[in-house]
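The values are calculated or read from the model by the stated rules, or taken from the named source; none is laboratory data. Since this is a predicted model, take the numbers as computed values, not measurements. A quick note on method: Cβ atoms are made from the backbone with ideal geometry, for glycine too, and the neighbour counts reach across all protein chains shown. To get the accessible areas, we keep the full protein, side chains included, count just its heavy atoms, and leave off ligands, DNA and RNA. Shrake-Rupley method; radii C 1.70, N 1.55, O 1.52, S 1.80 Å.
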Amino acid sequence: MQPIGGDDEWKENRILREENERLKAKQDKSAQSMHRALRMINFGNAVALCFSGFWSLLTSAFRPIVFIFGFYIILFSCCIGCFEFRCPIDLCTKFFLKNMGFMFRWQGRLAFYLFVASLVIGQGIVGLIVGSATIANCVLNVYVMCKYPEYFKMLEKENVEMAGQALEKELQQRVMGTVANAAVGYAMKEVSNQAQQKSNSIHAMMGMDEVDDMMQDGMGDLSATDFDGPMYGTQDVENQNRSLLG
């Protein structure tokens, strides 16, 4: 069934739809390419930050403040590198979810980059160069997000998916741990109940056997003479009568 407008209008609408689909596919491809390029730039920035941290350690000349700054620069740069590299290890994802949840939002990452740059920029000439490059990288990321809305939407979608996957894995691990603990507790309770029942049965059986043994031993010790006069006092009564009569 054709539209009311006729064949020409239907063909024109189809051409427009196909053109829009091609344009959207081209924009998505461009956004993906830009996303990969910026991720590589950010990862390279993390490597440069890590290098500047090691440089600070080597040139600290046993100054505690410089040494501490260098240590934290290395630590923070490793966190940035793991996040930008999309480390597949569940331990890294759990760490980011629990301790650095702001990394799943572009505002949090931008603030973290600027914070690390402020630490680096005071660590000599190498720190000044790397810190300035980090600030320039932050400006570049903001410019690309503002210039290309498709890239910004893709980035937001990826951040939501990463946070959701990390949260889902954490919930699964907690549920599995709870179920495992409940199963172990139930099994231990059942084993304890069975052991208690067996113990009670054994004690009951031992008690009946001991009663039987005691009864058998008591009946075996009794003899026919045990039922004569001494047992009932007849001999004592006769002796007493004779003494009184005599």
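Some points to look at:
- Ile80 vs. criteria out of contact with any Asp or Glu (no Cβ under 8 Å at 6 or more places or on another chain), under 21 Å from Glu156 (Cβ atoms), surrounded by 14 or more Cβ atoms within 10 Å (Cβ to Cβ) and modelled with pLDDT of 90 or more: yes
- Residues that are touching a Leu at 6+ places or on another chain (Cβ under 7 Å) and either modelled with pLDDT under 90 or not in a helix (DSSP H, G or I) (or both) within region 118-143 comprise just one, Ile121.
- Test: residue in region 104-117 that is within 21 Å of Leu171 (Cβ to Cβ), touching a helix residue (DSSP H, G or I) at 6+ places or on another chain (Cβ under 8 Å) and open to solvent by less than 50 Å² (accessible area, probe 1.4 Å): yes
- Pairs, first in contact (Cβ under 8 Å) with a residue 60 or more places away in the chain and polar (S, T, N, Q) in region 116-133, second assigned to a helix (DSSP H, G or I) and open to solvent by less than 60 Å² (accessible area, probe 1.4 Å), C-beta under 9 Å, six or more apart: Gln123/Ser52; Gln123/Gly53; Gln123/Ser56; Gln123/Val66; Gln123/Gly70; Gln123/Ile73; Gln123/Val130; Gln123/Gly131
- When Phe71 is tested against the conditions (1) part of a helix (DSSP H, G or I); (2) open to solvent by less than 80 Å² (accessible area, probe 1.4 Å), the lone failure is (2).
- Residue within region 94-117 that is assigned to a helix (DSSP H, G or I) and over 32 Å from the mean Cα position of the chain (by Cα) present: no
- One residue stands out among those in region 159-172 that are charged (D, E, K, R) and free of Cβ contacts under 8 Å to residues at least 24 places away in the same chain: the one that is farthest from Phe104 (Cα to Cα), which is Glu168.
- Some residue of region 144-164 being at pLDDT 85 or above, of a type in the set (Lys, Arg) and open to solvent by less than 60 Å² (accessible area, probe 1.4 Å): no
- Test for Asn141: is it out of contact with any strand residue (DSSP E or B) (no Cβ under 8 Å at 6 or more places or on another chain) and open to solvent by less than 70 Å² (accessible area, probe 1.4 Å): yes
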